[in-house]
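One structure is given here, and the rest of the page talks about it.
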Ligand SMILES: O=C(O)CCC(=O)N[C@@H](CCC(=O)O)C(=O)O
Ligand SMILES: [Zn+2]
């Protein structure tokens, strides 16, 4: 029996298997590739891969890569699935420990962002809040946190990075951008992480200003990983993605998984433009009014004085310099994020390869 059959129960590839078992709690299944790489399917949509001990792992690192935390953000899911198929077919060799995650399989089947509650608001322990009791997404967040925790412990001593891959609901004036979770004492990412983002053709970085309950914030604050949420394009259904637009991340991940040296950066992907979050807009309740149109593109700029939102008590106006909107979405529960207002960080924060 080959590894693919063993792990994916004769149903073809990882994605097909994950969709077919979206609602099941599968037992752990293990296999070994002819080159000695061990793969453990820890549950639906979770693969833990360990290369043979003699591999060099020149960066002395372990990687967590997730996609499909939002079920309708399909392109990064297709990218990860293709990389797994290549690995199983022996097209390249894995050089570092790797945890691969397809986040929300039931939502992937339904083609929805989430089923009951937004999975990407449930990390850093938020899944324990009593109003999430019994919800499958809360169970999934707990399971994913546990997998990441075990993986980090098993590879203690290696540098841990986590890339949580997404696509955005709105179009974007900056097609690809990464969010760097806030972490006490950290301001900008280390140079090798900036270079990796550029290699993946991500040329914009957004520095978060406070702690949050998204997946990348959990791995950064709890596991000490260098973590990023990476927005790679726009939400489209399975089979409708132009995967040529995702080559950057695909090639950069394949290169990194294989422990190969990073290529030289070249224009236009040789400098990272850095923004910082100025204000997080929250849905404050029934009198909340959002003055940004529903379909506005990410990074659309608003001039000083523009009223962005108001309720009976507060009125938020753009300050003395323009601010740009990211992730405008008023259709969220009370207390959750309606959008971010950002501005360019001081020029010294921009990064040049
Ligand atoms: O396009 C949108 O409105 C949302 C895209 C998306 O899912 N973004 C992530 C960002 C997570 C972070 O802040 O690091 C999310 O909203 O969960
Ligand atoms: Zn998302």
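List of remarks:
- With a requirement of 3 or more residues that are free of Cβ contacts under 8 Å to residues at least 40 places away in the same chain and touching a strand residue (DSSP E or B) at 6+ places or on another chain (Cβ under 8 Å), the strands (runs of 3 or more DSSP E) lying completely within region 1-57 that satisfy it span 29-32, 38-43.
- Subset of region 192-244 (residues that are touching a strand residue (DSSP E or B) at 6+ places or on another chain (Cβ under 8 Å) and free of Cβ contacts under 8 Å to residues at least 40 places away in the same chain): 193
- Only one of the listed residues (26, 100) is modelled with pLDDT of 95 or more and assigned by TED's automatic domain parsing to the domain that holds residue 151. That residue is 100.
- Exactly one residue out of 170, 140, 174 is within 14 Å of ligand 2 (Cβ to nearest atom), modelled with pLDDT of 95 or more and either on the phi < 0 side of the Ramachandran plot or assigned to a helix (DSSP H, G or I) (or both): that is 170.
- Residue among 129, 73, 78, 93 that is surrounded by fewer than 16 Cβ atoms within 10 Å (Cβ to Cβ) and modelled with pLDDT of 95 or more: 129
- With a requirement of 3 or more residues that are over 20 Å from residue 206 (Cα atoms) and free of Cβ contacts under 8 Å to residues at least 60 places away in the same chain, the strands (runs of 3 or more DSSP E) lying completely within region 272-353 that satisfy it span 307-310, 315-317.
- When restricted to residues that are near ligand 1 (Cβ under 9 Å from one of its atoms) and in a loop (DSSP other than H, G, I, E, B), region 207-239 contains 4.
Every residue, every condition in (1) away from ligand 2 (no atom under 16 Å from the Cβ); (2) outside any helix (DSSP H, G or I), yes or no:
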residue: 80; (1), (2): no, no
residue: 95; (1), (2): yes, yes
residue: 100; (1), (2): yes, yes
residue: 144; (1), (2): no, no
residue: 151; (1), (2): yes, no
residue: 157; (1), (2): yes, yes
residue: 160; (1), (2): yes, yes
residue: 185; (1), (2): yes, yes
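The values are calculated or read from the model by the stated rules, or taken from the named source; none is laboratory data. Remember, predicted model here, so these are calculated numbers, not experimental data. A quick note on method: Cβ atoms are made from the backbone with ideal geometry, for glycine too, and the neighbour counts reach across all protein chains shown.
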